[in-house]
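Undergrad: Below you'll find the structure I mean.
Read the figures in this text as sums done on the coordinates, not as results from a lab. Predicted model only: the values in this text are computed from it and were never measured. Cβ sites come from the backbone with ideal geometry, for glycine too, and all protein chains shown count toward neighbours.
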Amino acid sequence: MEKAKLVSLVAGGALVLGGTFTAGLYSAVRQNAAYDLVWGTLDQAKTLYEELPNLRGTEPIHFLRPAKYPGQGVTVNDPAAGQDDLILLSGFYDGNNKVRLLRRDGAVLNEWTLSARALFPDASFFRLPPATDWNAITHGTIITPEGDIIFSFESGGVARLDRCGKPVWTTPGVLGHHSPNWLDDGGVVIAGGKRVTRQRDKAKWPYSADYWEDLVYKFAPDGKLTLQKPLTELMVENDLQGRITATGQFSTRINGEFHLNDVEELPASKAAAFPMFEAGDLLLSLRNFNAILVTDSEVKRVKWYLTGPFIRQHDPDWQADGTITLFDNHSDETLDGTRGGGSRILKIDPATDKVVTLYGGRQDQPMYSPERSTHQMQPDGNILITEAQSGRAFEVTPAGKIVWEYINRYDDSRVTWLHDAEIIDPSYFTVKDWNCGG
């Protein structure tokens, strides 16, 4: 009976999907609801049949990738790398999105489970409402000295959990996107999104159809939304319409026009190193434009921007020496074969636009993640890198030596994603006992 039901489900789904696909293609120019459903399905690259392991809870297909590196858990732990540090890892472990606070030897000090359905019983406001927890994807996580964590589900809600996993606040109805970052006042800044429609929102040039808008959100420490700024509005106000329509296309993308994937405030402690900017200015990463830009704190004025040489970049960070570093997702292959290709960590001087490679992009420094990924510069010049879709986090010296590595193994041939890794000095925490009584 179970097999018969399964066959019926797949057959029925195939008919619906096939009919919708035909209708969507027929009406593509109009970009109506059928078109959106078709391209939403293709955007996820999953048919109903392919989704069955996910829907039945047998295999987390959205998080799985072929393994490129051997080993499981901590595979390298050089004593010279600083054994007292703690490492905060965000990823998919043991059947769900989780955050783990680790010692360098891999011992788990604390763990949080991130369940979209538990935190947001009504997830209808998500861009793609998740059918299961395995359809909700997180990115990076930040942590307070008290052990609270703040994170978002991709194009879904933002949440703060205490050190024992209890909700402190959530944002029902407000779409976050990617990783939050701290503000000097104790609040957080994060990318967000909303659907803009011609009828309800009076969407206008440069887009000829409904679209997903990217926004900059600021939240107060208590979770109250204090600022929201649409990027289309920012670009038009700064006479950057030419950047928006550089492809010559006025149609819209289902996954967003800009794909804003990071926002970071210039803290007062580093502002003196950036005389062209001010404390409170914001550094934005626009993945679909291969661009980063700096705005004022209210996201009204674009002060500086740079397009490339990075491709689909993530996680630009302010550095104390007056430079900006980022994870350049780049390309895994090159046309002329003169170098190894792959992702890179780049350093950029915004005063001169000079770009240098700190790690990667070479055959002897292999790493590649077509999407996601982060990095964290260390005081001694080491770099902690998250190669997200390879399920790998590792720390390298300025000379390129790997001194710590973690592989998020799923089975003999596959890994699951690691979203983010951050080294934290234990003195940062006020928590003395992480035990939550089971």
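Undergrad: Using 16 Å as the cut-off for backbone N distance, which residues of the stretch 207-235 belong to the label zone defined by a point 7 Å from the Cα of GLU146 along Cα→Cβ?
TA: 220-224
Undergrad: Taking 0.36 nm per residue of separation and subtracting the Cα-Cα distance, what length does fully extending ALA131 through LYS347 add?
TA: Separation in residues times 0.36 nm, less the Cα-Cα distance, equals 73.7 nm.
Undergrad: If you count, for each residue, the other Cβ atoms within 10 Å and average over each peptide, how do 184-196, 161-173 line up from highest to lowest?
TA: 184-196, 161-173
Undergrad: Arrange the peptides 384-392, 102-110 so that the one whose residues have, on average, the most other Cβ atoms within 10 Å appears first.
TA: 384-392, 102-110
Undergrad: What distance in nm lies between label points placed 7 Å from Cα along the C-beta direction at ASP332 and GLN319?
TA: Here the answer is 2.8 nm between the modelled labels.
Undergrad: Now, a different point. For a quick size check, give me the Cα extents of the stretch 72-428 along its three principal axes, largest first, whole Å.
TA: 58, 49, 42
Undergrad: Once both labels are modelled 7 Å past Cα along the beta-carbon direction, what's the LYS354-TYR69 spacing in nm?
TA: My value for the distance between the label points is 3.1 nm.
Undergrad: Pull out the extension gain between ARG56 and LYS401, defined as 0.36 nm times the separation in residues minus the alpha carbon to alpha carbon distance; nm, one decimal.
TA: So the extension gain works out to 119.9 nm.
Undergrad: Further question on the same structure: With r as the distance between the Cβ atoms of CYS164 and ALA273 and R0 = 35 Å, compute the FRET efficiency 1/(1 + (r/R0)^6) and round to 0.05.
TA: That gives a FRET efficiency of 0.35.
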